[in-house]
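What follows is a short report on a single structure.
The values are calculated or read from the model by the stated rules, or taken from the named source; none is laboratory data. Since we're looking at a predicted model, the values are computed, not measured. So basically every Cβ, Gly included, is an ideal-geometry build from the backbone, and we count neighbours across all protein chains shown.
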Amino acid sequence: MTITRVSSVAALYDVHGNLPALEAALAAAEAERAYTIVVGGDVVLGPMPRETLERLRALGPRARFVRGNCDRLVVDAFDGRPLDRLPPAVREQIEWTAARLDRGQRDFLAGLPLTLAMEIEGAGEVLFCHATPRSDDEIFTAITPAERVRPMLEGVAQRVIVCGHTHMQFDRAVDGVRIVNAGSVGMPFGQPAAHWLLLAPDARLMRTEYDLQRAAELVRATEYPGADEFASRYVLSPASEDEGLRMFEPSQSTK
């Protein structure tokens, strides 16, 4: 396997169809002279799916992608596979998103890899995944005990791993492996902004402000199921990181 070598990377994860947030993150990455963009999954499930995906694909060879669990589920919906195990509201959003993609966009998402390795000058080889190296929907956070995280990293040779999925930024180490969560561009916990990661060469957790009111207006103008909730809860007033930790790690966050 050939490993691409680059000088810097902007890792943009969990955009979730929030095109205004994506544009802000891309502009900030450009200002930081991060030529290579790693798109860390969960691109289209959200209010502006087609536009968001095509904006990233238009970057051409600058953009490299890994698959997110929501990308996989949207492909399942496109193909008519049942989503019965999901809550009705989530199923409706996935099916709405899938209905707005064409065959080429579906095939692009279906072909995304689970992981991507890249050599970054000064940082060494970095492994990018959506959730964990072995799964696109496994959950761990900044406070997940190391004994639970350890099996998720089995067989990984890289000493730096970049992930997302839980929409919360963190930077921690387990058994000498540095794990950095890029956060979410489009649906973050914490500060209302586009959250992303810059590796140039060290990892810097970035938060880029953008016009939230305008973004909320654009979201509400779509036919996305739950557009008003998306605008209010994920753009204008995201839940705090503490709330996110209580949701994902109830047994740990109460200690």
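Couple of notes before you dig in:
- Among the candidates Thr141, Thr208, Thr97, residue that is farther than 23 Å from Leu73 by Cα and in contact (Cβ under 8 Å) with a residue 60 or more places away in the chain: Thr208
- Taking segment 29-52 as the range and being buried (at least 21 other Cβ atoms within 10 Å of the Cβ) and closer than 21 Å to Pro192 by Cβ as the test, the residues that pass are Ala29, Gly40, Asp42, Val43, Leu45, Gly46, Pro47, Met48, Thr52.
- Tally, over segment 32-72, of residues that are of a type in the set (Gly, Ala, Ser), closer than 25 Å to Thr222 by Cα and touching a residue at least 24 places away in the same chain (Cβ under 8 Å): 4
- Subset of segment 90-103 (residues that are assigned to a helix (DSSP H, G or I) and within 21 Å of the chain's Cα centre (by Cα)): Val90, Arg91, Glu92, Gln93, Ile94, Glu95, Trp96, Thr97, Ala98
- Among the residues making up segment 62-85, those that are out of contact with any helix residue (DSSP H, G or I) (no Cβ under 7 Å at 6 or more places or on another chain), surrounded by fewer than 23 Cβ atoms within 10 Å (Cβ to Cβ) and assigned to a loop (DSSP other than H, G, I, E, B) are Asp79, Gly80, Arg81, Pro82, Asp84, Arg85.
- Residue match in segment 122-136 (condition: under 20 Å from the mean Cα position of the chain (by Cα), surrounded by fewer than 21 Cβ atoms within 10 Å (Cβ to Cβ) and among the aliphatic types (A, V, I, L, M)): no
- For segment 199-255, a residue qualifies if it is hydroxyl-bearing (Ser, Thr, Tyr) and farther than 30 Å from Glu125 by Cβ, and the qualifying residues are Tyr210, Thr222, Tyr224, Ser232, Tyr234, Ser237, Ser240, Ser251, Ser253, Thr254.
- Set Gly124, Gly80, Gly60, Gly68: member being over 23 Å from Leu26 (Cα atoms) and modelled with pLDDT of 95 or more: Gly80
- Long-range neighbours under 7 Å by Cβ, at least six apart or interchain, first residue within 15 Å of Gly183 (Cβ to Cβ) within segment 220-242, second outside any helix (DSSP H, G or I) and hydrophobic (A, V, I, L, M, F, W, C): Tyr234/Met187; Pro238/Phe189; Ala239/Phe189; Ser240/Phe189; Glu241/Met168; Glu241/Phe189
- Test: residue in segment 199-222 that is touching a Cys at 6+ places or on another chain (Cβ under 7 Å) and either over 21 Å from Glu30 (Cα atoms) or not aromatic (Phe, Trp, Tyr) (or both): no
- Screening Gly176, Gly190, Gly186 for residues that are on the phi > 0 side of the Ramachandran plot and in contact (Cβ under 8 Å) with a residue 24 or more places away in the chain leaves exactly one candidate, Gly190.
- Selection from segment 144-191 of residues that are surrounded by fewer than 18 Cβ atoms within 10 Å (Cβ to Cβ) and out of contact with any strand residue (DSSP E or B) (no Cβ under 9 Å at 6 or more places or on another chain): Pro145, Glu147, Arg148, Pro151, Glu154, Gly155, Asp175, Gly176
- Within segment 1-46, considering residues that are among the polar types (S, T, N, Q) and assigned to a loop (DSSP other than H, G, I, E, B), the one modelled with the highest pLDDT: Asn18
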